[in-house]
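Have a look at the structure below, then the notes.
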Amino acid sequence: MKEGFRWRLAVVLAVLLFGVAYVLPSLPGIKSSPLGRFLPDSTISLGLDLMGGIHLTLGVDVDKAVENSLTQMGQDIRTSAREKDVFVLRPRVLPGDRIEFVLAKAEQRDVLGELLAKQFHQLSVAAPQTTDDGQLRYVATMKPEYRKNISDMALEQAVKTIRNRIDQFGVAEPDIRKQQDNRIQIQLPGLHDTQRAIQIIGQTAHLEFHIVRDDVDAEKAARGILPPGTEVRPMIRRGADGSQAETPVVVDKEAVLTGEYVADARPGFDNFNQAYVMLTFNSRGAAMFERITQENVRKRMAIVLDGKVYSAPVIQEKIGGGRASITGKFSTAEAQDLAIVLRAGSLPAPVSVLEERTVGPSLGQESIDKGILAAVVGGAAVMIFMVVYYGVSGLIADVMLCFTVLLILAGMAAFGATLTMPGLAGIVLTLGMAVDANVLIYERIREELRRGHTVLSAIHEGFDRATLAITDSNLTTIIAAAILYQFGTGPVRGFAVTLSLGIIASMFTAIFVSRVIFHAWKGGSGDKRLSI
Amino acid sequence: MGFSFIRHDTNYDFVGMRHKAYVISIVLVLIGLASMLFKGGLTYGIDFAGGAIVQVKFDRPVHDDDLKKSLEGANLPGLAVQRFGEGETDYLIRMSHTDESAEAIRTAVTGALTTNIKDASFEVQRLEMVGPKVGADLKSKAVEALYYAVLLIAIYISGRFERRWMASAVMAGTLAGGMYLLGLVGVPRLWLVPFSLVLTLVLCWKLRLNFALGAIVALVHDVLITMGVLSLLNKEVDLNIVAAILTLVGYSLNDTIIVYDRIRETLRTHRKEWTYAHIINASINQTLSRTILTGGTTLVVILALYVLGGGVIHDFALTMLVGVFVGILSSIFVASPVLLHFGMPEEEKEPAPRVGQEGAV
């Protein structure tokens, strides 16, 4: 002990320095002061339950993404076949990741078979059946590995898109992560406008341009009689008072242009100070837009977002320069939000809110205040008791207690752990349990003193003998905390981290630091008495 | 020497009291089980059952009935209104799962309250909505956590105390295999914990892992009584309560292990001349002051949390309060006396640990 005293003291001081350095930035006013430049950047982040904010779990409908991909494949098969003068009819998505289509001329079977094998290896095609009118009916199933690929990509893409949207929405420190079962967990600390946040996060934002078929008889269309290749879409009309009405519009089924060619979207104001969203296409989109407008002069073009028509202006002339705008009596905020989702791109599959937790800021502050009050009162009671019961040694235990709390807070800042309400409870609980190690040591020292040991040897024996018991007993709590961390979510994890940090810190202070202090206190002197 | 109110030379006959203690323990466990059985199991909070909860704070007291009546027209399924914290200003409005979005719920609740309660303004402080699927997932996760806690702790104690890592490895393998088989047969996950506990106890007994057996009996005892109290008080089990239960598992063992450590130490020195009961008694008495002091300080801080910590943490603190208290008693009256019934542990084969840095305990 004696020869090791210097380096032990050095370790204690180094840890103390670490503790102070990591805790200081979290105190108000320190970070902006001149001192702040020398300190680490990391601060203790407060959980949603303490600072208020939104916690969301979204489910990504990957089945829809798979279905979309199958629909696309059906179109692709048709197009590729036509290039070889093979006519494939009526591609249709069936349940169970299957797609059905019909080959018009049965004798072209080999050509189509070769095409499918070469270009559509994601599908496993069953032997075709001959229909009553001599055509061949094919059913193809998407291969499972390709399906997995699509659902993984859909999830990945959804996370990326949502992150983009939130970044542009401007939330400090959002936390977005993938979870099992096609879920995405989102934490937005300090944000309280849930409705707007969910609107922005959850909007699919699938943008399409369709040519309007004003030549179709509206009356027949209302009765469901439509020319092939057309469909009815609802058009949103807004009154000045914000009320919404929907009128049906007949459009070409196939979109002439989609949102993937949009390079930028910004809110703007027209001459009447009405908000709209201005779109800028990328070069390929601009070229396509120019060609489409040229070919469809005098016709109306519907701007369709998530299946609904927002506006359908008449094309007056060829539009170059790759710009278009979406009008629709938007409020400024709506135009801004719409621009955000269009800029960030569309979600590859619809999402739904599976779990939502919102905590208001006033409740968070109340929780912090009450938690700190409980910690201070409980801690003070324990500290007073220790001094009364163990005298000067009790005072050392109290110093260790403060040191422990300092280390917990520093550890949380260093590891980027989040302080939650259960975490605060974890610190309070640690205050009670932290004295356990000290009590074990002191009771042991008292025992050794009673047996007639000298002060110095009683201290050594006490520390030696108690160390193993302390390690043993705390390991079980660490096991429990590790399991909590592994299986817990959100606040429970915060609690687990705090608890483990508390145990490790209290073991270090009670076994190591306190021993150094006892050594410094009694080591050199031949003192016969010990205040314990 | 400082002040001390627990005499260092106490010599209570704890082992002699064991039969009375067992009766009390069994009665407490049975009351808890009866309560759970009578109420059809524990009540789950929205974390596990799914549903929604809205916490509102009024600027002046509002009567329970008025609040309930004002919400009745809002078409909220499974509506329940519950006071939160002290006084009549904070309320929890709960409902079972609906297909409505959280925003729709917020609108419905605020709309109904604004129209029907005219003389008091309010603030929505918290709104939580958990879908049924997420709830079911959280539940199976919680069950899994408890299962792994039992498994790891059993392995740790038998390995650490009996120095029989092989036996504990065998136990771990059997336990994991048994659980896997149960899963194949289609036993519901909820039964995983009781099954694994029973299996662990049988395995400990068969493999003669006595310390692990005693510790787990004490653990089950503590958890059952705590859950019984929760059931009696109609508390809802949510994620925070599961966290509290796992923590008290840790605490209960922590306490038991300190006493066990002492028993092993006493065994090493007095195996020849003392009876087993004498050894256990002496060990409990020697660690008694520590048990009471640490238990006391822990209870004091949890009590502070319970009284001052606010509504959010109230049930968590209550669970810990009950659990820690029962945990202290069980390490004295259950865990150690139980050792008596399974015979002396094997004589330790390895030489006594060297006295020095690690120390003999």
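The values are calculated or read from the model by the stated rules, or taken from the named source; none is laboratory data. As the structure is a prediction and not an experimental result, all values here were calculated from the model. Glycine gets a Cβ as well: all are built from the backbone with ideal geometry, and neighbour counts include every protein chain shown. In case anyone asks, the SASA skips ligands and DNA or RNA and just uses the protein heavy atoms, side chains included. Shrake-Rupley method; radii C 1.70, N 1.55, O 1.52, S 1.80 Å.
Annotations for the structure displayed:
- Residue match in region A:338-354 (condition: modelled with pLDDT of 85 or more and touching a Cys at 6+ places or on another chain (Cβ under 9 Å)): no
- Contact map, region B:292-307: first residue of a type in the set (A, V, I, L, M, F, W, C), second residue open to solvent by 40 Å² or more (accessible area, probe 1.4 Å), Cβ cut-off under 6 Å, separation 6 or more or different chains; pairs are B:VAL300/A:ALA381; B:ALA304/A:VAL377.
- For region A:231-241, residues that are open to solvent by less than 50 Å² (accessible area, probe 1.4 Å) and part of a loop (DSSP other than H, G, I, E, B) total 1.
- Residues in region A:390-406 that are aliphatic (A, V, I, L, M) and either within 11 Å of chain B (Cβ to nearest Cβ) or surrounded by fewer than 21 Cβ atoms within 10 Å (Cβ to Cβ) (or both): A:VAL392, A:LEU395, A:ALA397, A:VAL399, A:LEU401, A:LEU406.
- Lone qualifier among A:VAL304, A:VAL277 - being of a type in the set (Val, Ile, Thr), within 27 Å of A:LYS64 (Cα to Cα) and surrounded by 14 or more Cβ atoms within 10 Å (Cβ to Cβ): A:VAL304
- Subset of region B:65-76 that is open to solvent by 50 Å² or more (accessible area, probe 1.4 Å) and either closer than 29 Å to B:VAL307 by Cα or part of a loop (DSSP other than H, G, I, E, B) (or both) - its residue that is nearest to the other protein chains (Cβ to nearest Cβ): B:ASN75
- Residue, nearest to A:THR430 (Cα to Cα), within region A:364-378, restricted to residues that are of a type outside the set (Ser, Thr, Tyr) and buried (at least 24 other Cβ atoms within 10 Å of the Cβ): A:GLY378
- The condition (being within 12 Å of chain B (Cβ to nearest Cβ), without any contact (Cβ under 8 Å) to a residue 24 or more places away in the chain and under 30 Å from B:GLN55 (Cβ atoms)) is satisfied by just one residue among A:VAL359, A:VAL376, A:VAL387: A:VAL376.
- Where helices (runs of 4 or more DSSP H) sit wholly within region A:116-230, those with at least 2 residues that are modelled with pLDDT of 85 or more and open to solvent by 20 Å² or more (accessible area, probe 1.4 Å) occupy A:144-169.
- Pair list, Cβ < 9 Å and 6+ apart or interchain, from region A:503-532 residues that are open to solvent by less than 60 Å² (accessible area, probe 1.4 Å) to residues that are of a type in the set (Asp, Glu) and modelled with pLDDT under 90: A:SER506/A:ASP436; A:ALA510/A:ASP436
- Tally, over region A:247-267, of residues that are part of a strand (DSSP E or B), touching a residue at least 60 places away in the same chain (Cβ under 8 Å) and loosely packed, with under 15 Cβ neighbours inside 10 Å: 1
- Filter pass, A:SER32 being open to solvent by 70 Å² or more (accessible area, probe 1.4 Å), part of a loop (DSSP other than H, G, I, E, B), more than 30 Å from A:GLN122 (Cα to Cα) and among the hydroxyl-bearing types (Ser, Thr, Tyr): yes
- Here B:ASN285 passes the criteria (1) over 26 Å from B:TYR156 (Cα atoms); (2) modelled with pLDDT of 90 or more; (3) within 13 Å of chain A (Cβ to nearest Cβ) except the one numbered (1).
- Residue count for region A:423-437, restricted to those that are over 16 Å from A:MET386 (Cα atoms) and more than 7 Å from chain B (Cβ to nearest Cβ): 4.
- Flag if B:VAL220 is surrounded by fewer than 24 Cβ atoms within 10 Å (Cβ to Cβ) and without any contact (Cβ under 8 Å) to a residue 40 or more places away in the chain: yes
- Contact annotation: residue pairs with Cβ atoms under 9 Å, 6 or more positions apart or on different chains, pairing a residue in region B:198-215 that is crowded, with 22+ Cβ neighbours inside 10 Å with a partner that is among the basic types (Lys, Arg), are B:LEU209/B:ARG164; B:PHE211/B:ARG160; B:PHE211/B:ARG264.
- Pairs with Cβ under 6 Å, 6+ apart, first in region A:421-444 and β-branched (Val, Ile, Thr), second outside any helix (DSSP H, G or I): none
- In summary, A:ILE384 fulfils each of the numbered conditions (1) within 20 Å of A:PHE269 (Cβ to Cβ); (2) out of contact with any Ser or Thr (no Cβ under 9 Å at 6 or more places or on another chain); (3) open to solvent by 40 Å² or more (accessible area, probe 1.4 Å) with the single exception of condition (1).
- Scanning region B:286-317 for residues that are among the hydroxyl-bearing types (Ser, Thr, Tyr) and within 30 Å of A:GLU447 (Cα to Cα) yields B:THR287, B:SER289, B:THR291, B:THR294, B:THR297, B:THR298.
- Residue within region B:125-137 that is over 30 Å from A:ILE483 (Cα atoms), touching a strand residue (DSSP E or B) at 6+ places or on another chain (Cβ under 6 Å) and crowded, with 20+ Cβ neighbours inside 10 Å present: yes
- Among the residues of region A:298-352, those that are in contact with a Leu (Cβ under 8 Å, 6 or more places away or on another chain) and among the hydroxyl-bearing types (Ser, Thr, Tyr) comprise A:SER325, A:SER346, A:SER352.
- Identity of the residue in region B:227-244, open to solvent by 10 Å² or more (accessible area, probe 1.4 Å), at the interface with chain A (Cβ under 10 Å from one of its Cβ atoms) and of a type in the set (A, V, I, L, M), that ends up farthest from B:ALA149 (Cα to Cα): B:LEU239
- Matching residues, region A:481-502, being surrounded by fewer than 21 Cβ atoms within 10 Å (Cβ to Cβ) and either within 7 Å of chain B (Cβ to nearest Cβ) or not small (Gly, Ala, Ser) (or both): A:TYR485, A:GLN486, A:THR489
- Considered as a group, the residues in region A:438-480 that are closer than 30 Å to A:LYS178 by Cβ and within 7 Å of chain B (Cβ to nearest Cβ) include one that is most open to solvent (accessible area, probe 1.4 Å), and that residue is A:ILE479.
- Region B:164-192, residues that are in contact with an Asp or Glu (Cβ under 9 Å, 6 or more places away or on another chain) and either within 19 Å of B:TYR148 (Cβ to Cβ) or loosely packed, with under 15 Cβ neighbours inside 10 Å (or both): B:SER168, B:ARG189, B:LEU192
- Residues of region B:1-60 that turn out to be in a strand (DSSP E or B) and open to solvent by 20 Å² or more (accessible area, probe 1.4 Å), as a count: 3
- Checking A:GLY321 against (1) surrounded by fewer than 20 Cβ atoms within 10 Å (Cβ to Cβ); (2) of a type in the set (Gly, Ala, Ser); (3) assigned to a strand (DSSP E or B), the condition it does not meet: (3)
- Boolean, B:LEU92 is assigned to a helix (DSSP H, G or I), surrounded by 12 or more Cβ atoms within 10 Å (Cβ to Cβ) and of a type outside the set (Ser, Thr, Tyr): no
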